[in-house]
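As structure tokens, the structure follows; a few thoughts come after it.
The values are calculated or read from the model by the stated rules, or taken from the named source; none is laboratory data. Here the structure is a predicted model, which means the values were calculated and not measured. Here the Cβ positions follow ideal geometry from the backbone for every residue, glycine too, while neighbour counts run over all protein chains shown. When the accessible area is computed, the model is the full protein with side chains, heavy atoms only, and any ligands, DNA or RNA have been set aside. Shrake-Rupley method; radii C 1.70, N 1.55, O 1.52, S 1.80 Å.
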Amino acid sequence: MTSVAEQLGYDDTATLVIITADQLGFSYATNEGVREALANGAATSASLMVPAPWARAASAAHRGQDVGVSLTLNAEHDLYRWGPITHAPSLLDGEGGFPRTPTDLWDHADVDEVRRECRAQLERAILWGFDVSHLSSHLDAAVLRPEFFDVVLELALDYRLALRLPSPDVEATAGFPFRRLAAEEGIVIPDRVVAVGADALVAVVDALEPGITEIVIRPAIDTPELRAAADDAAPRCADLVAVCAPALRDALARREATRVAWRDLRAAQRSR
């Protein structure tokens, strides 16, 4: 089977990395952090949470950039809430927003409502002017259950989009071969995905293996809004500092790693 690196035109021994600034739309602070990470940091791509409160504002500032849609069916913060953009009673918790955990979602979500909601999120991002590069799933909630994974796979096929899926070691826990199923349908996916904090970012780059690795960060600027909304505000701000630091670019050069973007994966998939 042709490797992902070869599909992108590289030798299969090449070390390639996507650095994704995640959770665009989460807050004003995140929108600004993502903008800085793309403009002055090492980030190559971003992903948008369409139902989140600042998603519409993100469309004005980030249109034209490499942005995917993070299909969102959870609102994990205790006091900072959002919910579905469609009529989807089964996707609500007792407080009127998305469930806080994937387990709670899985306990009562109706598959047809998940299908309508995910498709609406993707179509709204397109309506806002985004040239969507890929799909992912917030908290992996829509890809770790077979019936919901089918919804995501259907969207990736319908819109010819590359797809973030958890790394191979997660398949055993999920209990079904989601990566193989996607590959059999011709969907391009990175070889592995690493969600990492700022303190480990350079070490992860130093340890990169051949193939394509996606590194997921959540950059944000420090604002009172962010500190009030999220109990993990400090790590988000640290991510922004780390992705813009010379130490990260030095590590990429030391490892001879080539940065690529989600659009490159989408182009490879569509060229077949």
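At a 1.4 Å probe, what is the % contribution of carbon and sulfur to the accessible area of region 89-170?
Details: 1650 of 3270 Å².
C and S fraction of accessible area: 51 percent.
Computed over the chain, the percent of Cα pairs more than 27 Å apart is 35. Residues of region 100-115 falling in the label zone of residue 158, defined by backbone nitrogen less than 18 Å from a point 7 Å along Cα to beta-carbon, are 110-115.
Helical runs (DSSP H, four residues minimum) scored at -39500 (n - 2.57) apiece and divided by the length of the chain put the mean residue ellipticity at 222 nm at -12000 deg cm²/dmol. In plain terms, the chain from residue 106 to residue 227 could stretch by 40.6 nm, reckoned as 0.36 nm per residue minus the Cα-Cα distance.
Once the Cα-Cα distance is subtracted from the 0.36 nm per residue extended length, the residue 131 to residue 6 segment shows a gain of 42.6 nm. Averaged per residue, region 54-202 has 41 square angstrom of accessible surface, using a 1.4 angstrom probe with ligands and nucleic acids left out. Solvent-free Debye calculation, one equal scatterer per alpha-carbon of region 179-272: log10 I(q)/I(0) at 0.11, 0.12, 0.14, 0.26 Å⁻¹ equals -0.43, -0.50, -0.65, -1.27.
Looking at region 35-77, the trypsin sites (Lys or Arg not before Pro) that sit in a DSSP loop and have at most 13 other Cβ atoms within 10 Å of their own Cβ are 63. Model label points for residue 76 and residue 92, set 7 angstrom from Cα along the Cα-to-Cβ axis, are 2.4 nm apart. Here region 1-88 has 49 percent of its accessible surface on carbon and sulfur atoms, given a 1.4 Å probe and all protein chains in place.
In whole percent, what relative contact order does region 34-107 give with Cα contacts below 8 Å and a gap of six or more residues?
Working: 90 pairs, mean separation 18.2, N = 74.
Answer for region 34-107 is 25 percent.
Distance between the 7 Å Cα→Cβ label points at residue 195 and residue 123: 2.9 nm. Kirkwood hydrodynamic radius of region 45-151, from the reciprocal of the average inverse Cα-Cα distance over all distinct pairs: 13.8 Å. Spin-label point model (7 Å from Cα, Cβ direction): what's the residue 234 to residue 267 distance in nm? For residue 234 paired with residue 267, the spin-label model returns 4.2 nm.
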